[in-house]
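Novice: Before we start, here is the structure in question, set down as structure tokens.
The values are calculated or read from the model by the stated rules, or taken from the named source; none is laboratory data. Please read all numbers here as calculations on a predicted model, not as lab measurements. Please note: Cβ atoms are built from the backbone with ideal geometry, for glycine as well, and neighbour counts cover all protein chains shown. Accessible surface is based on the protein model in full, side chains and every heavy atom, while ligands, DNA and RNA are left aside. Shrake-Rupley method; radii C 1.70, N 1.55, O 1.52, S 1.80 Å.
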Amino acid sequence: MDFEGRTAFITGTSRGIGKAIALDLADRGANVVSTGKTVDGRENLPGTIVETTEEIRERGGDSIWCQLDVRDDASVQTAIDETVDAFGGIDFVVNNAGAIHIAGFEDTPPKRFDLLMDVNARGAYATTHAALPHLRESDHAHVVTFSPPMPARPAPGKVAYALSKYGMTFIAQSLAGELDADDIGVNALWPVAAIESEATRHFGMGTPEDWRTPQIMCDAVAELFSRDPTDCTGNAFYDEELLSEAGVDDLSSYAVVEGSEPGPMSAQLFDPEYER
């Protein structure tokens, strides 16, 4: 899939899924804007948005980095403005930046609730809102949020986190209807299996046998962005669903541990009854 000349604005590209998607879209020809809070390296947390941009350039791609806090409207607007100054517009918005806190009600004080809502639901809203005038100028505009399908289910033990992620999906599907006349595709995407990342390791979400590589999300995003935005909007996809529609039924190459069969841990985080 060739995205030559397209510009992708991606939140949270220091590491993990966000970085993988930034590199993958750049390899497919897109101009990539690497954004996030981490500019200086940390001993206990690898990766910065600067390193992601440098790696893209070393591979022959075109990229800039913009320090961004999705909770700060001025920061978001500045990053959008810098993107348009550098590349002339925006075609793709990937709302990847996220906060995770999987804990019960008593262990989630209101301040933590606010952080989850501000980074996840509000962050996706603010980023898309700032990019909207430029998405309208594109002839192939797509927005994707990394959030699970609706309808929402009760989520004892993780109510704040679940609400913030369902909020992202609700925003995406609502915007899809509102922006239909603008020919902008707005969708949600969520992995079925857990994806190897600093987050899965930090929060103890299984073992390597339970994980897939971020490449499955890269390929799902590429498939989504290759579609006509006027025909593909308002959906909440699982990665496996998108790839199956594209004719990819053998997912074994995405397993972190060769020969393992990762279960639907990520899907069941929000839908305990999910089965393939």
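Novice: Taking the chain as a Gaussian network, Cα atoms linked when under 10 Å apart, which of Ala220, Ala172, Ala74 shows the biggest mean-square fluctuation?
Specialist: In this elastic network of the chain, the residue with the biggest mean-square fluctuation among Ala220, Ala172, Ala74 is Ala74.
Novice: For the chain, modelled as a GNM with alpha-carbon contacts under 10 angstrom, which of Val33, Val257, Val119 fluctuates the most?
Specialist: It is Val257.
Novice: Which loop-located chymotrypsin sites (Phe, Trp or Tyr not before Pro) does segment 175-244 contain, where loop means any DSSP state but H, G, I, E or B and the Cβ has at most 14 other Cβ atoms within 10 Å? Before the final figure, lay out each step's value.
Specialist: Values: sites: Phe203, Trp211, Phe225, Phe237, Tyr238; in loops: Phe203.
Passing both the DSSP loop test and the Cβ count: Phe203.
Novice: Percent relative contact order of segment 209-268, based on C-alpha pairs within less than 8 angstrom and at least six residues apart?
Specialist: Numbers: 44 pairs, mean separation 33.1, N = 60.
Answer for segment 209-268 is 55 percent.
Novice: Which whole-number percentage describes the relative contact order of segment 45-116, with Cα contacts under 8 Å and a sequence gap of 6 or more?
Specialist: On the way: 32 pairs, mean separation 12.2, N = 72.
Computed value for segment 45-116: 17 percent relative contact order.
Novice: Kindly report, to the nearest 10 Å², the accessible surface of Met265 as traced by a 1.4 Å probe over protein heavy atoms only.
Specialist: Near enough 60 Å² of accessible area.
Novice: With +1 on each Lys and Arg Cβ and -1 on each Asp and Glu Cβ, how big is the dipole of the chain about its Cα centre, in debye rounded to the nearest 20?
Specialist: On the way: 20 positive and 47 negative charges, 190 e Å.
Using Cβ point charges on Lys, Arg, Asp and Glu, the chain gives about 920 debye.
Novice: With the alpha-carbon atoms as the only input, what is the per residue convex hull volume for segment 157-264 in Å³? Working shown, then result.
Specialist: Numbers: hull volume 11.0 nm³, N = 108.
Convex hull of Cα atoms, per residue: 102 Å³.
Novice: Hey, another quick one. Could you tell me what percent of the accessible area of segment 14-166 is made up of carbon and sulfur, with a 1.4 Å probe and every protein chain present?
Specialist: With neighbouring chains kept in place, the figure for segment 14-166 is 49 percent.
Novice: Continuing with this model, one more query. Residue farthest toward the positive end of the dipole of segment 122-209, with Cβ of Lys/Arg at +1 and Asp/Glu at -1: which of Phe170, Thr207, Val144?
Specialist: Final value for the positive-end residue is Thr207.
Novice: If I model a spin label at Glu273 and Asp73 as a point 7 Å from the Cα along the Cα→Cβ vector, what separation in nanometres do I get?
Specialist: 4.1
Novice: Which of Asp250, Asp91, Asp72 ends up with the largest GNM mean-square fluctuation for the chain, with Cα atoms connected below 10 Å?
Specialist: Of the options given, Asp250 has the highest mean-square fluctuation.
Novice: Shifting gears a bit: Rolling a 1.4 Å sphere over the protein heavy atoms, what is the accessible area per residue of the chain, to the nearest Å²?
Specialist: Working: 12410 Å² over 276 residues.
With the other protein chains kept in place, the chain gives 45 Å² per residue.
Novice: For segment 55-78 and segment 9-41, write down the distance between their C-alpha centroids in whole Å.
Specialist: Spelled out, the Cα-based centre of one part sits 8 Å from the other.
Novice: Now, a different point. Please find the FRET efficiency linking Val39 to Val257, where r is the Cβ-Cβ separation and R0 is fixed at 45 Å, and quote it to the nearest 0.05. Show your work: numbers first, answer last.
Specialist: Working: r = 34 Å, r/R0 = 0.74.
Efficiency, from the Cβ-Cβ distance: 0.85.
Novice: Within 15 Å, Cβ to Cβ, of Ala79, how many net charges do the neighbouring residues add up to if Lys/Arg are +1 and Asp/Glu are -1? Let's see the in-between values first.
Specialist: Working: positive: Lys37, Arg71; negative: Asp69, Asp72, Asp73, Asp81, Glu82, Asp85.
Computed value for this residue: -4.
Novice: Report Tyr254's accessible area, 1.4 Å probe, all protein chains in place, as a number in Å² to the nearest 10.
Specialist: It works out to around 20 Å².
Novice: Using helices alone, what [θ] at 222 nm do you get for the chain, with -39,500 (n - 2.57) per DSSP H run of 4 or more residues, divided over all residues and rounded to the nearest 500?
Specialist: Values: 10 runs with 107 residues, N = 276.
Counting only the DSSP helices, I get -11500 deg cm²/dmol.
Novice: Given that compact globular proteins tend to follow 2.2 N^0.38 Å, what is the ratio of the alpha-carbon Rg of the chain to that value?
Specialist: Working: Rg = 17.4 Å, N = 276, 2.2 N^0.38 = 18.6 Å.
It is 0.94.
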